[in-house]
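Scroll down for the structure; my scribbles are underneath it.
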Amino acid sequence: YSNHEVIAVDQDPLGLQGIRLVGGNLTSNPVPQASCGPSQWCNTNIWGRRLSNGSVVLLFVNVGPTASGPLRCNKTCLSKLGVTGHVLLQARDLWKHIDLPNIVPGKYGELEVEVESLDTDAIFMVLLRPSM
């Protein structure tokens, strides 16, 4: 395994465990997204973790048989990791090694992603780093 960015998150010296920010218990028998009812979170979760350098990492998970549709981590979601106010956050996709548009969670920003089905790329991992 050679994804140095993901390995750096795993081996961060702060050593905090990730926490579920949004979503419920995931099932081993996922249902079609259209069958979720009023909650879009029956097959999906957003997990997060603070890192020693002040960044946070988010992991969007989809165990469903189809793409998730838009999953959003907004200021309420990010505040669970201590990200508050009008801080410019640089976003980076850790799987594709590409920079994403910056967000400002306390003002108008949120991170919205679609996660493919369990048969393809069932996770999306993004690093949010405060802009200096």
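What to note about this one:
- Pair list, Cβ under 8 Å, 6 or more apart: the stretch 3-27 residue within 12 Å of Trp47 (Cα to Cα), other residue open to solvent by 80 Å² or more (accessible area, probe 1.4 Å): Gly18/Trp47; Ile19/Trp47; Ile19/Lys80; Arg20/Trp47; Leu21/Trp47; Leu21/Lys80
- Evaluating Gly85 against the criteria (1) assigned to a loop (DSSP other than H, G, I, E, B); (2) at pLDDT 90 or above leaves one unmet condition, (2).
- Top-ranked residue of the stretch 15-45 - restricted to ones that are surrounded by fewer than 10 Cβ atoms within 10 Å (Cβ to Cβ) and of a type outside the set (Ser, Thr, Tyr), ranked as modelled with the lowest pLDDT: Pro38
- For beta carbons closer than 7 Å, sequence separation of 6+ or different chains, a first residue in the stretch 42-70 that is closer than 23 Å to Leu16 by Cα and a second that is among the charged types (D, E, K, R) and crowded, with 17+ Cβ neighbours inside 10 Å, the qualifying pairs are Ser55/Arg129; Val56/Arg49; Val56/Arg50; Val57/Arg49.
- Of all residues in the stretch 52-79, those that are assigned to a loop (DSSP other than H, G, I, E, B) and in contact with a helix residue (DSSP H, G or I) (Cβ under 7 Å, 6 or more places away or on another chain) total 4.
- Where a residue in the stretch 84-97 is closer than 13 Å to Ala8 by Cβ and its partner, wherever it lies, is acidic (Asp, Glu) and open to solvent by 10 Å² or more (accessible area, probe 1.4 Å), with Cβ under 6 Å and at least six apart: Arg92/Asp99; Leu94/Glu5
- Residues of the stretch 47-56 satisfying the condition of being open to solvent by less than 10 Å² (accessible area, probe 1.4 Å) and closer than 22 Å to Glu116 by Cβ: Gly48
- Note on the stretch 60-83: residues that are out of contact with any Leu (no Cβ under 9 Å at 6 or more places or on another chain) and closer than 20 Å to Leu14 by Cβ total 2.
- Filtered residues of the stretch 90-112 (kept if more than 16 Å from Glu5 (Cβ to Cβ), hydrophobic (A, V, I, L, M, F, W, C) and assigned to a strand (DSSP E or B)): Ile103, Leu111
- Set Glu116, Glu110: member being open to solvent by 20 Å² or more (accessible area, probe 1.4 Å), in contact with a strand residue (DSSP E or B) (Cβ under 6 Å, 6 or more places away or on another chain) and of a type outside the set (A, V, I, L, M, F, W, C): Glu110
The values are calculated or read from the model by the stated rules, or taken from the named source; none is laboratory data. A quick note: this is a predicted structure, and the numbers were derived from the prediction, not measured. We place every Cβ from the backbone using ideal geometry, glycine too, and count neighbours over all the protein chains shown. Keep in mind that these areas ignore ligands, DNA and RNA; they rest on the heavy atoms of the full protein, side chains included. Shrake-Rupley method; radii C 1.70, N 1.55, O 1.52, S 1.80 Å.
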